[in-house]
Each structure stands twice: as C-alpha cells, then as structure tokens.
Amino acid sequence: MIRYEKLSRLSAEEIVDLWNRGFENYFSNVQTTVDRFLNRVANEGLSLERSFAAFEDDRPIGIIVNGFRTRNGRIFAWNGGTAIVPEYRGKGYGKMLMEHNMALYAEEKVDEALLEAIARNEAAIRLYESVGYRKVDRLAFMQHEGALDLTAPEGYEYRRGLPEDIGEAEFGGGRSTWQAQAANMGKGECVQVLADGRLVGYAFYKTLKGEDGSLSALYLYQCEADPLRPDRDEILSAALAQAFRPLESAIKRTVVNLPESHSNLYSLLCKLGFEKTVEQVHLKKSMS
C-alpha cells in the first residue's frame, strides 16, 4: 500500500538521501547535500510542509518538492523536483505521485502550476502532460568563457541595487521561470537601466568569487527591456554590459533558463558568442 509523508516529518538527511536516489542516472547531475538542499528551501520558497515522499511498506518510492507563492492575488505552485528511485521506475508510480500532487494543489487553491523539464526527457514531459501541463516555451542555459566584446551604448543612466528593489517589472516578470524571479534571488544583484529618469530595462544576476576574493563566475537570471521602446535592443545591450562587467575578465558567464521566446536577447547573446549548454521546456497548468 502506498502512503505519502510530508517532508516536514522527515529528517533533512532522509530527504536528501531520497532525492539523490531518485535522481540517480539523471540527464544532469542534481545530486545534493544537506546544506545545499536547505539553502534551496530558503532561497527558492520551497515548502517542506506541502512537499512529500511516497512509500510502499516503508520502502521509499519517490519524492516531489514544491514551492508556493502568491502574486497579485493569485497562488502559484512550482514543482521543484519529481524523482522516482530506480527500482520503481516504469511502473506507474510517477503518475500516482503527480496525481497526488495535483490533488494537493487543488486543496491549496492553486491558480497556476509551473515546472521545467529537460527537453530530452520525453518520458517525464509525457507524464506532466498526462496530468494537464502544457508546454509554453523552451528554455536555454547558455554559457560563455572569456572576455566579452561588448560596447555599452551611450545615453543611459544606471542604478544598482537588489532585485527586490523593482520586483517583477510589468514588461518582464511574467515570463521568467520560478528560479529567476526576484523573490528567489537571495544574494542576487540588480542593475536598472534608466532613460530620462524612467526605468526602461534591468538585469538580475549573481556573482561568485574565488578563495582570493576575485570574480570567478557570473549567472544572469533576467534581462529585460520595455517592449514599447524602439531602442529595446540597445537597452538590452546596456543592461548586459553593466551586469557582465568587467567585460575584459575571462570568467565563465552563464545565462540561466533563458526563454527562447525572448528572441531579442537570445540573438544578442548568440552574437556575443554564448553557446547553448542545456535545453529545457517550460510547462504550465491552469488550476482555476
């Protein structure tokens, strides 16, 4: 008999062990540690009370980790990981976990459900579509290592601060994935692009430093320009030039889950020499 247990009733060690077993032989390495998992819980708005593990006769089957957020009066739920331990795969348990999760979302009065899946993971995508998710976009991780040949356009002003300073601007936040939203930026930074004192663009990013304190890597999560501006491509270039500086630094720069529908930014990054490393699909389900 299958039973479901809230993750809040398990120890962190038990959760991480089940997560790692569930993601054995996955398309990419998402193995984690207790410290890294607890950081995710804090930074990504995950709810252990509303996430669960499945067991059969006390043997762990799988896990689903959920995040919840309310924005503009609507409740959003994000599936931040669904995994089945190897010996239970291909036996219908994934469908059982997803149906249980849909019932949980209904109880929580969720308006929209979100998740991402590796584009090559066709079995998982079919599973999500079987419970009502639909593909809304393709997402790309893009990477560049080395100095950047990018000149900042003139005529703009800049203001630096935190992503929460502007939240989700009306011309950008709606298409960002869960992990790229301002609320999940943690120690992220923001550069605002201003024209005549008005916000016309922005970028959210994080930097990593080496043991000697020097910049070692940079992650870009959002870069947007007001779509009504005729100079939106220049605004994107201006935001990138500020977010990616120092441009002469030969560090690894990674763009996280860029929606390919954001064609202006995608084209600009390709021209700068960024290459796609991982492709995902963005899926949504209307619950209301």
>> Considering only C-alpha atoms, what is the centroid distance from segment 1-62 to segment 180-229, in Å?
In response: 31
> Given that just one value was derived from the coordinates, which of (1) 18.8, 56; (2) 20.1, 67; (3) 19.2, 61 is Rg and Dmax of the Cα atoms in Å?
Replying inline: (2)
>> With the cut-off at 1.5 for a/c, could you classify segment 193-288 from its C-alpha gyration tensor as rounded, prolate or oblate?
In response: oblate
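With n ≥ 4 as the cut-off for DSSP H runs, can you work out [θ] at 222 nm for the chain, using -39500 (n - 2.57) per run divided by the number of residues, rounded to the nearest 500? Don't skip to the end; give the middle numbers.
Numbers: 6 runs with 66 residues, N = 288.
Here the helix-only value at 222 nm equals -7000 deg cm²/dmol.
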> Cα gyration tensor of segment 1-106, axes a ≥ b ≥ c as square roots of the eigenvalues: rounded (a/c below 1.5), prolate (a/b > b/c) or oblate?
Replying inline: oblate
>> So for each of 192-205, 128-141 I average, over its residues, the number of other beta carbons within 10 Å; can you give me the resulting order with the highest mean first?
In response: 192-205, 128-141
> What number comes out for the charge environment of S11, summing +1 per Lys or Arg and -1 per Asp or Glu over other residues with Cβ under 12 Å away?
Replying inline: -3
> Taking the Cβ-Cβ separation of Y4 and E24 as r and a Förster radius of 25 Å, what is the calculated FRET efficiency to the nearest 0.05?
Replying inline: 0.70
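What net charge is computed for the residues neighbouring Y219, neighbours being all others with C-beta under 9 Å from the C-beta of Y219, Lys and Arg scored +1, Asp and Glu -1? Display every interim value, and only then the final one.
Values: positive: K206, R253; negative: none.
So the surrounding residues net to +2.
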> Which FRET efficiency value, to the nearest 0.05, is calculated for R229 and E260 with the Förster distance at 22 angstrom and r the Cβ-Cβ distance?
Replying inline: 0.55
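Using a 1.4 angstrom probe, figure out how much accessible area the chain has per residue, in square angstrom, rounded to the nearest whole.
Working: 13980 Å² over 288 residues.
For the chain, the solvent-accessible area averages 49 Å² per residue.
Can you give the FRET efficiency for D17 and A152, using 1/(1 + (r/R0)^6), R0 = 45 Å, r = Cβ-Cβ distance, to the nearest 0.05?
Working: r = 48 Å, r/R0 = 1.07.
The calculated FRET efficiency here is 0.40.
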>> Which one, L115, G80, N101, projects farthest toward the positive side of the charge dipole computed for segment 34-159 from Cβ point charges (K/R +1, D/E -1)?
In response: N101
>> How high is the relative contact order of the chain? Use alpha-carbon pairs under 8 Å, at least six apart in sequence, and give a whole percent.
In response: 21
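Roughly speaking, to the nearest percent, how much of the chain's 1.4 Å accessible area is carbon and sulfur? Can you show the working numbers first?
Numbers: 6430 of 13980 Å².
About 46 percent, which is the carbon plus sulfur part of the accessible surface.
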> Tell me, in nm to one decimal, what length is gained between R74 and K276 on full extension, where the rule is 0.36 nm per residue of separation less the Cα-Cα distance?
Replying inline: 69.4 nm
> How large is the Kirkwood hydrodynamic radius of segment 109-260, in angstrom, based on all distinct alpha carbon pairs?
Replying inline: 16.8
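Please state the relative contact order of segment 34-92 as a whole percent: Cα pairs under 8 Å, 6+ residues apart? Intermediate values should be presented prior to the final figure.
Details: 76 pairs, mean separation 14.9, N = 59.
Relative contact order comes out at 25 percent.
The values are calculated or read from the model by the stated rules, or taken from the named source; none is laboratory data. Since the model is a prediction, treat every value here as computed from it, not as a measurement. Cβ: placed from backbone, ideal geometry, glycine included. Neighbour counts: every protein chain shown. For accessibility, only protein heavy atoms count, side chains too; no ligands or nucleic acids. Shrake-Rupley method; radii C 1.70, N 1.55, O 1.52, S 1.80 Å.
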